[in-house]
Each structure stands twice: as C-alpha cells, then as structure tokens.
Amino acid sequence: MDQGIFSVKLCEMEQQYGKLQSRIQLCQSRDHDRISEEIRQMEDEEAESRLLLKKRMMGSGFPAAARLAQAQLTYEETVREILCEAEEGKFSREHRKPGDPEAAILYAEYAADFATQSMNYALLAALKAVERQLSYEEKGREKDE
C-alpha cells in the first residue's frame with residue numbers, strides 16, 4: 001500500500017477547507033448577489049462530484065469501495081431532501097413565519113458536526129490501514145528470517 005495516498009488526500013482536504021473558509025467569509029459579507037452566485041457554483045460542483053462518485057461506484061473493482069460510494073450517495077440524497085423540505089417550511093415550529101431561516105441554520109450546524117465526525121472517521125480509517133500494512137510487513141519479514 002502506498003501511504004503517500006494519505007498525503008494526497010490531506011492536501012485535497014486542506015484545499016477544500018480553504019474554500020470552506022473563504023465561502024464562509026463571503027457569507028459574512030452579506031453580499032446577497034455574490035452569495036447567490038456562490039450557491040449556484042457550489043450546486044454545480046456538487047452535481048459534478050455526485051456524477052464522479054457514481055462513476056467510481058460502477059467502475060470499482062472492490063465491492064467494499066462500491067458500497068462506501070453508495071452509502072455516501074445515499075447520505076447526500078437524504079440530506080439534500082431534508083434541506084429542500086426545510087426550505088419549504090417543513091420541520092419548522094408552528095409559530096415560525098414562512099421563510100424563517102431557523103431550519104436552514106440548524107441544518108448547517110448538523111452538516112458541520114457531520115463533517116467533523118467524518119474527518120475523525122477518516123483519521124481512524126487511515127490509522128487502521130497503516131497499522132494493517134505494518135503488521136503485514138512485519139509478518140513478511142518474520143517469514144523471510
């Protein structure tokens with residue numbers, strides 16, 4: 001196993017985190033037109049990412065990888081559906097006015113929590129993969145001796 005893949009993934013995560021920071025700063029600028037344009041751009045990126053994930057899922061020679069990709073797609077579809085319903089006013093308290101951002105804000109908070117949880121899970125998965133690789137190499141050396 002090439003452990004350099006984790007370095008590549010870490011760089012990808014850092015780039016995405018940089019985008020996240022700049023986009024959050026944009027939100028705080030309260031420039032409605034720029035925010036609307038950023039939403040459109042991100043929705044395009046999300047659609048492209050979804051297509052790539054579907055291609056990877058169908059082209060994967062590893063059943064576990066295909067299942068992980070399917071789980072990711074299922075998650076994305078579920079949260080997108082919840083967000084759309086929240087934007088339509090479902091899930092709001094009875095006394096909330098139409099268009100109240102409460103549900104969207106709550107969704108954003110949960111999405112951030114999920115991202116943190118995902119990063120921790122990615123770290124755990126990487127540590128387990130490296131540990132397995134090291135054990136495999138150690139057993140190989142023992143056989144050679």
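The values are calculated or read from the model by the stated rules, or taken from the named source; none is laboratory data. Quick caveat: nothing in here was measured; it's all calculated off a predicted structure. Methodologically, a virtual Cβ is constructed for each residue, glycine included, from the backbone with ideal geometry; neighbour enumeration extends over all protein chains shown. Surface areas here come from the heavy atoms of the whole protein model, side chains and all, with no ligands, DNA or RNA. Shrake-Rupley method; radii C 1.70, N 1.55, O 1.52, S 1.80 Å.
Before moving on, here are some points about what is shown:
- Residue in the stretch 109-124 that is open to solvent by less than 90 Å² (accessible area, probe 1.4 Å), part of a helix (DSSP H, G or I) and farther than 30 Å from CYS84 by Cα present: yes
- Top-ranked residue in the stretch 1-52 [being outside any helix (DSSP H, G or I) and exposed (fewer than 11 other Cβ atoms within 10 Å of the Cβ); ranked as modelled with the lowest pLDDT]: ASP2
- For the stretch 111-137, a residue qualifies if it is among the hydroxyl-bearing types (Ser, Thr, Tyr) and modelled with pLDDT under 85, but none of them does.
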